[in-house]
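Here is the structure we will look at, set down as structure tokens.
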Amino acid sequence: MKVTKAQVQENREHIVKTASVLFRERGYDGVGIAELMSTAGFTHGGFYKHFKSKADLMAEAAAFSFAKSAAETSDLDMATFAKQYLSRKHRDSFGNGCTMAALCTDAGRQSESIKETFLAGIEGQLETLANGEEATGEDRVRRINAIAQAVGALILSRACPDDSPLADEILQVCLEQILSQHGA
């Protein structure tokens, strides 16, 4: 049965969405092509009809998740963003959580194309948090600091056992610091 161009595009988008979740859950090296395609509902052999390599899919999946995050946070001020980001709910949601917290360390070991995708995604998040203001000077410095602190807090909290008081303390302390730095 012949597949339409529209169906091919829908299939590709479904694979990218599936990969985005799996990569955030398990890291780039924790997901093989066969498993990814099976999870998406396709055969392993179909992968190369859509992508040149796993690295191409990794970059596209990261770009997708960065765009999704930007859309979900576009109307938030820094205080609201920080409260949502540094919540237990977000911390426990690897597959649907922040791409930076889930994959930055993996991305640092990948190709330049992956690093370029992360560069664009981080810049995009800085612009999103600027809420239409020019992202320069001291405001940009505060946003970079807040993102770095929030991502670091999420990573450290995730590294602790779930029921560890330190896991929650890290989130709370960093949230309070970000709120105080942003006058909230």
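The values are calculated or read from the model by the stated rules, or taken from the named source; none is laboratory data. Just so we're clear, the structure is a prediction, and the values are computed from it rather than from any experiment. Neighbour counts are summed over all protein chains in view; Cβ atoms, including those assigned to glycine, are modelled from backbone coordinates with ideal geometry. In case anyone asks, the SASA skips ligands and DNA or RNA and just uses the protein heavy atoms, side chains included. Shrake-Rupley method; radii C 1.70, N 1.55, O 1.52, S 1.80 Å.
Taking 0.36 nm per residue of separation and subtracting the current Cα-Cα distance, fully stretching the chain between Thr105 and Thr39 would add 21.3 nm.
For the chain, the longest principal axis of the Cα atoms and the long axis of helix 137-159 meet at an angle of about 70 degrees.
Label-to-label distance for Asn96 and Leu166 is 3.0 nm, based on points extended 7 Å past Cα in the beta-carbon direction.
At an R0 of 22 angstrom, the distance between the Cβ atoms of Asn131 and Leu156 translates into a FRET efficiency of 0.20.
Apply the a/c threshold of 1.5 to the C-alpha gyration tensor of the range 97-184 and tell me whether it is rounded, prolate or oblate. It is oblate, given that a/c is not under 1.5 and a/b is not larger than b/c.
Calculate, in nm to one decimal, what Lys52 and Lys83 gain on full extension: separation in residues at 0.36 nm each, minus their alpha carbon distance.
Stretched fully, the Lys52-Lys83 segment lengthens by 7.2 nm.
Helical runs (DSSP H, four residues minimum) scored at -39500 (n - 2.57) apiece and divided by the length of the chain put the mean residue ellipticity at 222 nm at -23000 deg cm²/dmol.
Sorting Phe42, Phe81 on solvent-accessible area from highest to lowest, probe radius 1.4 Å, gives Phe42, Phe81.
Projecting label points 7 angstrom from Cα along Cα→Cβ for Ser113 and Ala67 puts them 1.6 nm apart. A 1.4 Å probe, protein heavy atoms only, puts the accessible area of Ser180 near 80 Å². Does anyone have the angle between helix 5-26 and the longest principal axis of the chain? Alpha-carbon axes, 0 to 90°, nearest 10? The two axes meet at around 50 degrees. In this calculation the C-beta distance from Gln177 to Glu10 is compared with R0 = 35 Å, giving a FRET efficiency of 0.20. Using a Cα-Cα cut-off of under 23 Å, which lysines could be cross-linked to Lys68, ignoring same-chain neighbours fewer than 8 residues away? Here the lysines satisfying the reach criterion relative to Lys68 are Lys17, Lys54, Lys83, Lys89, Lys115. The range 1-44 and the range 67-117 have Cα centres lying 20 Å from one another. Against the chain, whose longest principal axis is taken from its Cα atoms, helix 54-73 shows a tilt of about 40°. The figure for Val16 is an accessible area of roughly 10 square angstrom, using a 1.4 Å probe on the protein chains alone.
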